[in-house]
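Notes to accompany the following structure.
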């Protein structure tokens, strides 16, 4: 068991050292998982995400007459399926609502995003006692694929004017992910860790979004509410980092890449087969697109049903 935990920590260290396709959590593609709904066989649900971004900022991240305010909202059907005791599949079907406001007016894009599929293999799960208290832990690792179902408009990739290529419904590329999820709980107090590394390919317009690493950790506590329900407040940190985008397989895009770190507070509530949850993510440290962009706070809510 100790060797497997060491392997998990090595996995996170390798990922954190990697050169880390959008600007950290906005635009085309972010696969934040957090604490999954509890389910034995299958679940299906709806998620809503709201994110904001300012672009075309001046020195010191100051607003200028060219500054644009961008809002990215996603309504997503997602689900999970446990196959036997060792395999798990997650699927994501997003519909995006993008809005951009500037001195020139308001632009909008609404439509289907890029569909993603992730497969996991359970390396271990175990139950034992620690000082006469129940200790439960599990580790899932796997890989995934994202297919280009969302519309991509090459004319909106205005990288010559230092504009981030975020205002798209999809990337027009087939991309791949490496994933890991670890959960450890002592009685009702637990820690949940997720890592996702996204490897992007060049699309047919000769544009490749930078590879992206996302890592989050959540500390939670389960409280029983009556005989049939429970609620789990949680708090933690989300770190995201992206490499620069590349155009024509050789030119780095200046208005791309960077990192952000956000604090998370939220809750998960379960009653029989129904789960609801929400969290608020406050970005407290960032350096995006060499200071030309600034991410705002984020909101995520979900509702799911297990069967």
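The values are calculated or read from the model by the stated rules, or taken from the named source; none is laboratory data. Remember, predicted model here, so these are calculated numbers, not experimental data. Because the Cβ atoms are built from the backbone with ideal geometry, glycine has one as well, and the counts that use them run over all protein chains shown.
Can you give me the ranges of the strands (runs of 3 or more DSSP E) entirely in region 111-213 with at least 2 residues that are surrounded by 15 or more Cβ atoms within 10 Å (Cβ to Cβ) and more than 19 Å from the chain's Cα centre (by Cα)? Walk me through how you get there before you give the answer.
Details: elements: 115-130, 133-147, 175-186, 189-199.
Of the strands (runs of 3 or more DSSP E) lying wholly inside region 111-213, those with at least 2 residues that are surrounded by 15 or more Cβ atoms within 10 Å (Cβ to Cβ) and more than 19 Å from the chain's Cα centre (by Cα) span 115-130, 133-147, 175-186.
Would you confirm, using the coordinates I've provided, whether residue 55 is surrounded by 12 or more Cβ atoms within 10 Å (Cβ to Cβ) and modelled with pLDDT under 95? Considered against the rule, which asks whether it is surrounded by 12 or more Cβ atoms within 10 Å (Cβ to Cβ) and modelled with pLDDT under 95, residue 55 comes out as yes.
In this structure, does residue 77 turn out to be modelled with pLDDT of 95 or more and either surrounded by 16 or more Cβ atoms within 10 Å (Cβ to Cβ) or assigned to a strand (DSSP E or B) (or both)? Spelling it out, residue 77 is indeed modelled with pLDDT of 95 or more and either surrounded by 16 or more Cβ atoms within 10 Å (Cβ to Cβ) or assigned to a strand (DSSP E or B) (or both).
Where strands (runs of 3 or more DSSP E) fall entirely within region 214-282, those with at least 1 residues that are within 20 Å of residue 166 (Cα to Cα) and in contact with a helix residue (DSSP H, G or I) (Cβ under 7 Å, 6 or more places away or on another chain) are at 258-271.
Taking the conditions exactly as written (farther than 22 Å from residue 23 by Cα and in contact with a strand residue (DSSP E or B) (Cβ under 7 Å, 6 or more places away or on another chain)), does residue 89 satisfy them or not?
On the way: farther than 22 Å from residue 23 by Cα: yes; in contact with a strand residue (DSSP E or B) (Cβ under 7 Å, 6 or more places away or on another chain): yes.
It is true that residue 89 is farther than 22 Å from residue 23 by Cα and in contact with a strand residue (DSSP E or B) (Cβ under 7 Å, 6 or more places away or on another chain).
Can you find even one residue in region 50-70 that is closer than 22 Å to residue 117 by Cβ, part of a strand (DSSP E or B) and touching a strand residue (DSSP E or B) at 6+ places or on another chain (Cβ under 9 Å)? The answer is no, given that none of the residues of region 50-70 is closer than 22 Å to residue 117 by Cβ, part of a strand (DSSP E or B) and touching a strand residue (DSSP E or B) at 6+ places or on another chain (Cβ under 9 Å).
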